[in-house]
Amino acid sequence: MVRGIGGIYGNKGAIVARMIVDDTSLCFINVHLAAGQSAKAARNADLAGIMEDKAIFPEHAFLPFVQGGDGTGIMDHEMVILNGDLNVSRVLPNLVGTDEQYRIDQRRENVLSNVQAGELDYLLEHDQLRKEMRTNHAFRLRSFEEAPITFAPTYKYNSGTNDYDSSEKRRIPAW
């Protein structure tokens, strides 16, 4: 499934697979979404396009799917496992094992001082993914759950160190 520049140049998108184990339908999605502090709207649009595609799979007439679905859509499945480069580094069941980040909506210096002080709750309040899940009723990952985050942001370190990005980009730390 191609997303990205006009949906033509496959620089972003998803690979989707499903299986039935006993009587449970599982759907696995690996994504690559837009990067950057200001690309939240593009990430949300890509997720919406991926999650809402009505013809991902052929209809499966003999198996029940959730909410009366016929199995052609991602959210018809009982368990959806999403991972990849969402520009979100999280573990969310239904959304399991993502690795990059929605960002923290704070200045870099403020994030660094809150990391130093161990104020993770404050940083999590300003986390773009959590804000979207909490306030955006149309957000496609709203029904997903996330395990507690009990560690400092892990993006982006200088190579081979535990020091946050000191390159000219000076990226804001994020989960």
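Values as computed for the structure displayed
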{"quantity": "Meets criteria (in a loop (DSSP other than H, G, I, E, B), surrounded by fewer than 15 Cβ atoms within 10 Å (Cβ to Cβ) and at pLDDT below 85) for Arg142", "calculated": "yes"}
{"quantity": "Test set (1) open to solvent by 60 Å² or more (accessible area, probe 1.4 Å); (2) modelled with pLDDT of 95 or more - Pro148 fails condition number", "calculated": "(2)"}
{"quantity": "Pair list, Cβ under 6 Å, 6 or more apart: the stretch 132-154 residue within 17 Å of Ala39 (Cβ to Cβ), other residue outside any loop (DSSP other than H, G, I, E, B)", "calculated": "Phe139/Glu132; Arg140/Leu47; Arg140/Ala48; Arg140/Met51"}
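The values are calculated or read from the model by the stated rules, or taken from the named source; none is laboratory data. Small disclaimer: the values here were computed from a predicted structure and weren't measured. A quick note on method: Cβ atoms are made from the backbone with ideal geometry, for glycine too, and the neighbour counts reach across all protein chains shown. Heavy atoms of the whole protein, side chains included, go into the accessibility calculation; ligands, DNA and RNA do not. Shrake-Rupley method; radii C 1.70, N 1.55, O 1.52, S 1.80 Å.
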